Each structure stands twice: as structure tokens, then as C-alpha cells.
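Accompanying notes for the structure given below.
Only the coordinates and a few stated rules stand behind these numbers; no lab work does. Remember, predicted model here, so these are calculated numbers, not experimental data. Cβ placement follows ideal geometry from the backbone for every residue including glycine, while neighbour counts extend to all protein chains displayed.
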Amino acid sequence: MTIDARKIRLIMALRRSGVTDTKVLAAIERIPREMFVPASFLDQAWEDTALPIDLGQTISQPLVVALMTQALEVTDRHRVLEVGTGSGYQAAVLSRLCRRLYSIERLRPLLSEAEKRFHALRLHNITTRHGDGTRGWPEAAPFHRIMVTAAGGLEPPKDLTEQLAVGGVMVIPLAAGNYGDQRVVRIRRTDHGFDREDLWPVRFVPLLSDTPPDDAPRADPA
Ligand code: SAH
């Protein structure tokens with residue numbers, strides 16, 4: 001099967017599974033997922049499945065990317081923060097829908113690869129940072145939208161809720177119950193506080209609140 005045929009099959013499967021936002025579907029169709037997966041998984045790039053990337057992390061399943069993007073209700077006026085760049089795939093999809101996308105990753109080697117992909121795809125509205133995304137990005141706050149693509153604890157990180165604009169929306173997988181269960185949660189900031197909706201169960205790698213010591217910020221050799 002050609003890449004185009006696989007792509008169409010995936011888009012149809014996403015529609016059947018409840019992805020109705022045509023802008024989200026168009027963004028998924030336009031971002032070449034084959035550029036974000038390891039070479040050994042190229043043949044599965046347009047399958048609806050999560051795949052391993054380096055350093056024990058994963059590129060999310062397309063359905064999860066599509067549903068979380070749809071749940072975020074992004075428009076082209078929004079400044080959006082993503083925590084957990086990983087392969088850069090979710091960031092690339094979001095960047096097609098928003099005005100500016102800020103993305104933070106704690107593992108520098110993953111971030112470097114993602115940055116190369118953004119450059120090759122001319123996704124010039126993405127700004128990246130290496131570090132602990134649970135602290136957010138105070139200099140660029142407030143954000144209209146925040147998406148976290150690693151699983152937090154029972155509550156969203158306080159710095160992130162503080163950096164959400166009033167009227168803003170955050171989508172984040174959080175722990176649910178005792179057995180390592182996770183749910184995607186949507187949080188809306190209102191004039192008087194935060195409204196929370198539980199969406200669906202998921203499995204994400206953990207959100208870790210640190211930056212690895214052997215990967216600490218260092219001066220650029222240039
Ligand atoms: N959005 C990614 C999914 C990556 S998996 C994609 O589309 O490919 C989750 C990522 O979150 C991993 O790369 C992991 O290193 C990163 N991560 C975990 N905790 C983090 C933190 N506190 N700050 C920034 N990134 C974090």
C-alpha cells in the first residue's frame with residue numbers, strides 16, 4: 001500500500017472514532033508522521049498505533065493525538081504550550097492550528113531531533129526549550145492553551161494552571177485511582193477558578209519533575 005493510501009485509511013479510522021474537527025484531520029493529514037518515527041518502524045508510520053522512540057519514550061497513537069488536539073479547541077489566534085516534545089509530532093500537528101507553539105522537553109537528545117524535523121518541515125512558529133516543563137514557561141505566559149503529553153499525578157502542576165489564561169483550556173493525562181490508571185482531563189480556567197472534565201482513559205509515559213543531571217543546561221560550544 002502507498003503512503004497516500006495508508007494516510008487515507010488512517011484519516012477514515014480517526015473519523016469513525018469520533019474525530020470530527022476537519023481542521024484537526026487536515027493537520028494530521030499534512031504532517032508526515034513517517035518523519036517522526038524511527039527508521040525501523042517506517043512501515044507502521046500511518047498505522048493507528050503508538051511507537052517507541054529513543055530513550056524509552058513513545059510517539060503517541062494518532063487517535064490519541066487527534067482526540068487530545070480536538071479537545072484542546074485551538075484556533076489560529078492562540079499561543080499554545082506543549083509539555084513533552086518527544087518526537088515533535090504532536091507539536092507539529094498543533095503548530096498547524098495555532099499562532100505560536102512553545103514546546104518543552106527534558107531529554108536534550110530528543111529535543112535536538114525534534115528541532116531538526118521542525119526546521120526541515122519549515123514549522124517556523126514553534127519555539128522549543130530544554131528543561132522541566134512542569135515549571136511551564138513563565139516568560140511566554142499566559143497561554144491560551146496548554147497540552148501535556150506525559151502523565152501527571154492526581155492534580156495538574158501548579159505552575160501550569162497559573163500560566164493558563166482566564167478562559168484558557170488545558171488538556172493533560174492525570175492519574176485516576178490506584179492502579180496506575182490514567183485519564184485525559186480537560187481543565188478550563190474561568191473568572192472564579194477551574195472547571196474539570198474527565199475525558200477518556202489513556203497510557204502515557206510519566207511526567208518527571210526534573211531535568212536529568214547528565215543532561216543539565218550547559219553553554220553551547222558555538
Ligand atoms: N508529544 C510527544 C510524546 C512524547 S512522550 C510526541 O508527539 O512524540 C512524553 C515526553 O515527555 C517524553 O519525551 C518525556 O521525556 C517528556 N517529559 C516527561 N516529563 C517531562 C517534563 N517534566 N518536562 C518536559 N518533558 C517531559
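Determine the calculated [θ] at 222 nm for the chain from helices alone, applying -39500 (n - 2.57) to every DSSP H run no shorter than 4 residues and normalising by the residue count; nearest 500 deg cm²/dmol. Kindly include the intermediate steps, with their values, before the conclusion.
Values: 6 runs with 59 residues, N = 222.
The helix contribution divided over the chain gives -8000 deg cm²/dmol.
With the dipole of the chain worked out from charges on the C-beta (+1 for Lys and Arg, -1 for Asp and Glu) around the Cα centre, which of Ala66, Ala114, Val83 lies farthest toward the positive end?
Ala66
So what is the relative contact order of the chain, in percent, for Cα pairs below 8 Å that sit 6 or more residues apart?
Over the chain, the number comes to 15 percent.
List the lysines whose Cα sits under 28 Å from the Cα of Lys116, skipping any in the same chain fewer than 8 residues away.
Excluding near neighbours in sequence, the set is Lys7, Lys23.
Work through the residues other than Arg135 whose Cβ is under 12 Å from its Cβ and net out their charges, Lys, Arg +1 and Asp, Glu -1.
Local charge sum for Arg135: -2.
Quote the FRET efficiency, to the nearest 0.05, computed for Gln44 versus Val166 with a Förster distance R0 of 41 Å and r equal to the Cβ-Cβ distance.
0.45
For Val80, Val202, Val185, what's the fewest-to-most ordering of other Cβ within 10 Å of each Cβ?
Starting with the residue having the fewest Cβ neighbours, the order is Val202, Val185, Val80.
Quick check on packing: order 189-198, 144-153, 25-34 by the mean number of other C-beta atoms within 10 Å, highest mean leading.
The peptides rank, most packed first, as 144-153, 25-34, 189-198.
For the stretch 3-201, give the magnitude of the charge dipole about the Cα centre (Cβ charges: +1 Lys/Arg, -1 Asp/Glu; no others), in debye to the nearest 20.
The dipole magnitude comes to about 540 debye.
Once R0 is set to 30 Å, what does the formula 1/(1 + (r/R0)^6) return for the Cβ-Cβ distance between Tyr179 and Lys158, expressed as a FRET efficiency to the nearest 0.05?
Once the sixth-power term is evaluated, E becomes 0.75.
Taking 0.36 nm per intervening residue step and subtracting the Cα-Cα distance, what contour gain separates Asp195 from Ala13 on full extension?
Length gained, Asp195 through Ala13: 62.4 nm.
Need one number for the chain: average projected area of the convex hull over its C-alpha atoms, nm².
If you wrap the Cα atoms of the chain in a convex hull and average its projections, you get 12.9 nm².
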